Amino acid sequence: MPRHWTDVLPTAAAPATWGTTYLVTAELLPADRPLWSGALRALPAGLVLLAVTRRRPTGQWWWRSVTLGALNIGAFFPLLFVAAYRLPGGTAAVLGAAQPLLVAALGVALLGERPGRLPLLAALTAPLGVALVVLRPDAGLDPLGVAAGLAGTAAMAAGLVLTRRWGRPAGVGILAATSWQLVAGGLLILPVAAAVEGAPPALDTPALLGYAWLGLVGTALAYVLWFRGAARLPATRVSVLGALSPLTAAALGWLALDQALGPVQLAGFAIAVGAMVLGQAGRPGQPASSRGNSTGPSSPSDSAPAGSSAAAARGSTNRCAAAGPAAYDWSSSQRTSSTVQPSPARPAISRTSRTPTRVSSS
C-alpha cells in the first residue's frame, strides 16, 4: 500500500462517519430542530476537546478561530438548513458534492496550488456519481435554496482552505485547534437557534444517545480526522473523499430503513467510488514550507479540503440535525425526494410508528 494511504484512510473515515447523521437524526433526534441540533452537536464536542487539551487561542488566533469556526460551522449549518428546507435532498447533496471544484479554485487563488490532472478529473466525476445515487428527475430548483446551498458549500470550502493556509500556532495540536473552531461555531449558532426555533428541545434517552454519537464521534473525532487529513494531503484529494458522506447515508438507508437501490443508484456508487480512488492515485505533491506558521500544514500541489455537516429535513416524517465539516455532511438534509425508494420486501426499522424517511444521500 502506498504510504500516503495511511493518511487517506483515516481522513475518509470522517465523511463516512458524517454519513451516519441521517439515520441517527431520523430515528433518534427531536424533529424539526436543525439549528439546535447543530449547536448541541458542535458546542459540547468543542468544549470536551477544549477541556482535554486545556489550550486557548492567543493573539491573532482569537479572530482566526472565530473566522474559521464561522465558515466551517457557524455559517455553514444555517445556510445548509435553508437549502434543505427549500430544495429536494438530492439537489442539496449534489451541491455539496461540487465542493471539490470550489476547493480547487480557492486553492489556486489563496494557496497558489494547482490540482493535478487525476484529482481534478475525480473532482469533476464524483458529483456525477452522487447525482445518480440521490437526484430525482423531477427535482425542483428554488433560487433561494440553490443560493443558500452554494453559499454554504463555498463557506466550508473557504474555511478549510484558510485552515490549510493558516495552519496551527507553534506547539498547538490538532485537538486544540479543532476545539477552537467547534466552540466558536457552536456559540455563533446558539442565538440563531434561539431566535428561530425557540427554547431547546426536550431530550429523551434516544435523543441523548443520538447526540452523544453525533457529538463525540460524528463531530469531535470526525473533525479531528478531517483537519488532520487537510494538513497532510493535497486539498483536492481530500475534498473528493467527501462523496463518502452521501454514499454512506444511502447504504445505511438500504441496510436499516429498507430503502432500495436500483441499477442507476448502483452505477452512481461505482462512479463515485471510482472517482475517489482515482483522486488518490499517484504520489501527492511534496509539501512546501508553511506560510508563517511553524506547525502549519504543508502546501502540496492540490488545494485545501472541504467538509461537511448536516442539514435539515422537513415534514412530520423527517427528523432534523445540523452536522458538521466538513465536507459536507449532507446526510441529514435528505428528504423524501430521493430516488432511493422503499422496498416492500422488508419491514423498516424505526423507533416510531411513522413511515421511514427515504435516504437520498448524505
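The values are calculated or read from the model by the stated rules, or taken from the named source; none is laboratory data. Worth saying up front: this structure is predicted, and the values here are computed from it rather than measured. Quick reminder, even Gly has a Cβ in these numbers, built from the backbone with ideal geometry, and neighbours come from all protein chains shown.
Here are 130, 82, 108: which of them is assigned to a helix (DSSP H, G or I), touching a residue at least 60 places away in the same chain (Cβ under 8 Å) and more than 17 Å from the chain's Cα centre (by Cα)?
From the options 130, 82, 108, the qualifying one is 108.
Out of 168, 136, I need the residue that is in contact with a Pro (Cβ under 9 Å, 6 or more places away or on another chain) and under 29 Å from residue 46 (Cα atoms). Which one?
Working: 136 fails: under 29 Å from residue 46 (Cα atoms).
Checking each option against the conditions leaves just 168.
From the list 184, 170, pick out the single residue that is under 26 Å from residue 64 (Cβ atoms) and part of a helix (DSSP H, G or I).
Of 184, 170, the one residue that is under 26 Å from residue 64 (Cβ atoms) and part of a helix (DSSP H, G or I) is 184.
From the list 190, 182, 221, exactly one residue is surrounded by fewer than 23 Cβ atoms within 10 Å (Cβ to Cβ), closer than 20 Å to residue 35 by Cα and either without any contact (Cβ under 8 Å) to a residue 60 or more places away in the chain or out of contact with any Leu (no Cβ under 6 Å at 6 or more places or on another chain) (or both). Which is it?
After applying the criteria, what remains is 190.
Touching an Asp or Glu at 6+ places or on another chain (Cβ under 8 Å) and at pLDDT 90 or above: which single residue out of 185, 198, 229, 210 fits that description?
Just a single option satisfies the conditions, and that option is 210.
Among 47, 28, 43, which is surrounded by fewer than 17 Cβ atoms within 10 Å (Cβ to Cβ) and among the aliphatic types (A, V, I, L, M)?
Numbers: 28 fails: surrounded by fewer than 17 Cβ atoms within 10 Å (Cβ to Cβ); 43 fails: surrounded by fewer than 17 Cβ atoms within 10 Å (Cβ to Cβ).
Exactly one of 47, 28, 43 is surrounded by fewer than 17 Cβ atoms within 10 Å (Cβ to Cβ) and among the aliphatic types (A, V, I, L, M), namely 47.
Enumerate the pairs (first residue in segment 111-126 and on the phi > 0 side of the Ramachandran plot; second residue anywhere and not hydroxyl-bearing (Ser, Thr, Tyr)) with beta-carbon separation below 9 Å, excluding pairs fewer than 6 apart on the same chain, so at least 6 apart or on different chains.
These pairs meet every condition: 112/288.
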